[in-house]
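Heads up, the thing below is written out as structure tokens.
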Amino acid sequence: MPGLVDTHIHAPQYSYAGTGLDMPLLEWLKTYTFPAESCFHDLDLARRVYTQVVRRTLKNGTTTACYFATIHTDASLLLCQITDVFGQRGLVGKVCMDRNDSLPRYSETSQESQAETCRFIEELLNKQYPLVKPVVTPRFALSCTGALLGQLGAIAKKNNLHIQSHISENPEEVKLVKELFPEAESYTDVYHRHNLLTDKTVMAHGCYLTDQELDLFHETGAALSHCPNSNISLRSGVLNVRNVLRHKVKLGLGTDVAGGYSSSMLDTMRRTLDVSKILGTLDPDYHSLTMEEVFRLATLGGSQALSMDQQIGNFEVGKDFDALRVNVKVPDGPVDLFQRDQPKVGDDWNIVEVFVAGRKVVPFSDPSNLAVQS
Ligand code: GUN
Ligand code: FE
């Protein structure tokens, strides 16, 4: 089957995945996320965690991952190197935030953020890793001044780069964005007016976007990443996937580790189905997603959301061979991993081999070949 595309994952947050899911987004960021991420100036810690997350996601069948790192440029470059060594296809972003009232020491000045983003991009492009690309990464509107958002929009435009951020995930966040950017017509407009909505943009969540905002996504070609495990775990909200698709907005799926506690896209697929089924029970006119639709979102949908559908997402002639060899047999007898409407049983032990761009990356080769240089 085609490789799975994780359109939204925070690599440093793998260090505490599965813990601390007892509060809503803004409190969670303050209590767990910012303190944890602030330690990633330590390159030994970064090497350890980033090696674990790349290995784990590859074993889970994620052939392409769109990563947030932290504000630390050198550690973000290390994540790029580790992604390259293991052979995963990756988009990697050094996180930008020049506003952080909850943990001021985990933030940058706008000048630092801009300069370090340029250094990150330049150093990464100089490495010439064939499968790893930079993403311009304002954390979200609450973490950035308008000045920084504008600078990042300009950097992305000048270099024709991907952009990633978060949007409209939680009601409190949406309210604060309105207060901080009173001149903007909507949360989406905050990004749009700073040139951050392009056909190479992917925004996570979008639970509370209006129809007009979805129209703006469609017009600009910007994409959404649906992160159902995170939306449930942080009690953020529910994305109406049907409505997103009706507006012809490009859509992929994301684990959103560690708001989402699982790094497996098979879990994300299950949650996508479950949330859609709940919407179906609440509204008889809501047509719940089918397994085939969810499968498409996790593969081709993800490749479209990341503007990589010319290269990956399915087995069309001419595309790169990003693929999983799956074993659909389990000890109790034959069970389809992706049996109609029932992917509940599949796990990483069903994924026997993983290929990225034709290279077998799982099982891992001799670990000594994979030593990541400091
Ligand atoms: N919004 C801003 N930062 C984050 C983050 O790290 N995780 C999630 N889920 N939402 C965010
Ligand atoms: Fe996120």
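Data for the structure
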quantity: Selection from the stretch 48-69 of residues that are within 16 Å of ligand 2 (Cβ to nearest atom) and not β-branched (Val, Ile, Thr); calculated: 65, 66, 67, 68, 69
quantity: Some residue of the stretch 151-162 being farther than 19 Å from residue 307 by Cβ, modelled with pLDDT of 95 or more and either in contact with a Lys or Arg (Cβ under 9 Å, 6 or more places away or on another chain) or in a helix (DSSP H, G or I) (or both); calculated: yes
quantity: Restricting the stretch 153-172 to residues that are surrounded by fewer than 24 Cβ atoms within 10 Å (Cβ to Cβ) and within 20 Å of residue 207 (Cβ to Cβ), the residue that is nearest to ligand 2 (Cβ to nearest atom); calculated: 170
quantity: Residue match in the stretch 318-326 (condition: modelled with pLDDT under 90, exposed (fewer than 15 other Cβ atoms within 10 Å of the Cβ) and either in contact with a Ser or Thr (Cβ under 6 Å, 6 or more places away or on another chain) or not aromatic (Phe, Trp, Tyr) (or both)); calculated: no
quantity: Options 199, 189; residue that is modelled with pLDDT of 95 or more and either in a helix (DSSP H, G or I) or of a type in the set (A, V, I, L, M) (or both); calculated: 189
quantity: Unique match (being within 16 Å of ligand 2 (Cβ to nearest atom), crowded, with 21+ Cβ neighbours inside 10 Å and under 28 Å from residue 270 (Cβ atoms)) among 204, 141; calculated: 204
quantity: Pairs where the first residue, in the stretch 8-33, is part of a strand (DSSP E or B) and the second is basic (Lys, Arg) and more than 10 Å from ligand 1 (Cβ to nearest atom), C-beta under 8 Å, 6+ apart; calculated: none
quantity: Flag if residue 67 is closer than 23 Å to residue 253 by Cβ and part of a strand (DSSP E or B); calculated: yes
quantity: Verdict on residue 187 being of a type in the set (Phe, Trp, Tyr), under 19 Å from the mean Cα position of the chain (by Cα) and within 16 Å of ligand 1 (Cβ to nearest atom); calculated: no
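Table: residues versus (1) free of Cβ contacts under 8 Å to residues at least 12 places away in the same chain; (2) surrounded by 23 or more Cβ atoms within 10 Å (Cβ to Cβ); (3) more than 17 Å from the chain's Cα centre (by Cα).
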position: 242; (1), (2), (3): no, no, yes
position: 255; (1), (2), (3): no, yes, no
position: 260; (1), (2), (3): no, yes, no
position: 267; (1), (2), (3): no, no, no
position: 275; (1), (2), (3): no, no, yes
position: 280; (1), (2), (3): yes, no, yes
position: 284; (1), (2), (3): yes, no, yes
position: 290; (1), (2), (3): no, no, yes
position: 298; (1), (2), (3): no, yes, no
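The values are calculated or read from the model by the stated rules, or taken from the named source; none is laboratory data. From a predicted model like this one, the values you see are computed outputs, not experimental measurements. Glycine also receives a Cβ, built like all others from the backbone with ideal geometry; neighbour counts cover every protein chain displayed.
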